[in-house]
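Report on the following structure.
The values are calculated or read from the model by the stated rules, or taken from the named source; none is laboratory data. What you see is a predicted model, and the numbers here were worked out from it, not measured in a lab. A quick note on method: Cβ atoms are made from the backbone with ideal geometry, for glycine too, and the neighbour counts reach across all protein chains shown.
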Amino acid sequence: MTIAPSTSLFYDRTATTMRSLTGQADRLNQQITSETNILAPSDDSVGWQRLQNLSLADANDSAYTANISVAKSVLQQADTSLGQIGDQLQQISTLVVQAGNGTLSADGKAAIATQISDLLTSILGTANTTDMRGGPLFGGQSGDTAVTRNDDGSLSFANGETSAIPIGDGQSVQTSNNAANFLKTSTSDLGSAITAIVAALNGGGDVPAAATDTLKKVSDQVTATQSSIGARAARVDIVSGQIASAKIDRSQARTDVDGFDYSTAITELQKTMTVLQATQASFTKLSSMSLFDYLK
């Protein structure tokens, strides 16, 4: 019995094969682009959900990492600024000691008064520095000037603290302190103390004991605030390390769930494309042959 070849069957089978190979190639391309074997919940519902959770954690940690970078910069700026203020306060203390020399002339005391006044101006300038975000480094949430010197020489301060920066789930860090925390005491402030010192020296008198006491308290508060800033910076470093470790762990978890391998996917795509091209070439050649070619 003779079986007549079916042209329709030949076309259908070849078309089906090429559609299948094209679909495989498309899927491999998507997997390579997405770097995952699981492209939809239907592929693996449990694995899909786990991958979504891992991706969400990665996105959150990327945001936290950006915040940590900002926090580190602001903390470093606060530490440097407080160090400068501390150095300038030490210079004032040294000048006050010099002013207590009984042999110092009135002109000498006036010269020291000028130096102390200039140092106060420098300290206030540093206290009113803006941070990398454009807000006052040692100001409050309102964004107002951190420190203002009043007509009587006393100081006024912005209200509140700057907003804390989120650096992790349930974790945030205060990157600086309100200037009132270190330039103001329970009974006075640095501006009032310096005003009293300068007035006494310009008048040829002795430095008031209360002003000297305020100066010492302010110096101690600046040192304590700087230490606190350093402790916060250390905590930010710890959180940064934890995020980096968690990212590595999630990468391994993603590999365990997904099993995607880039080189294997590329190899499979190349094999699939080779077979598809060969099938297309064979189909083109056979479909162009006439009945007489078959009968030869």
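Could you tell me whether Ala164 is within 26 Å of the chain's Cα centre (by Cα) and surrounded by fewer than 19 Cβ atoms within 10 Å (Cβ to Cβ)? Break it down into steps so the answer makes sense when it comes.
Details: within 26 Å of the chain's Cα centre (by Cα): yes; surrounded by fewer than 19 Cβ atoms within 10 Å (Cβ to Cβ): yes.
Answer is yes for this residue.
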The listed residue being assigned to a helix (DSSP H, G or I), surrounded by 13 or more Cβ atoms within 10 Å (Cβ to Cβ), modelled with pLDDT under 95 and not hydrophobic (A, V, I, L, M, F, W, C), out of Thr17, Thr80, Thr36: Thr17
Subset of the stretch 95-133 [of a type in the set (D, E, K, R), closer than 15 Å to Val198 by Cα, free of Cβ contacts under 8 Å to residues at least 60 places away in the same chain and touching a Leu at 6+ places or on another chain (Cβ under 9 Å)]: none
Extreme residue, farthest from the chain's Cα centre (by Cα), among residues of the stretch 135-154 that are in contact (Cβ under 8 Å) with a residue 40 or more places away in the chain and part of a loop (DSSP other than H, G, I, E, B): Asp152
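Tell me, which helices (runs of 4 or more DSSP H) wholly within the stretch 178-296 include 3 or more residues that are at pLDDT 90 or above and either under 37 Å from the mean Cα position of the chain (by Cα) or within 30 Å of Ala113 (Cα to Cα) (or both)? Talk me through it step by step, then tell me what you get.
Numbers: elements: 180-183, 190-202, 209-258, 262-287, 291-295.
Those helices (runs of 4 or more DSSP H) span 180-183, 190-202, 209-258.
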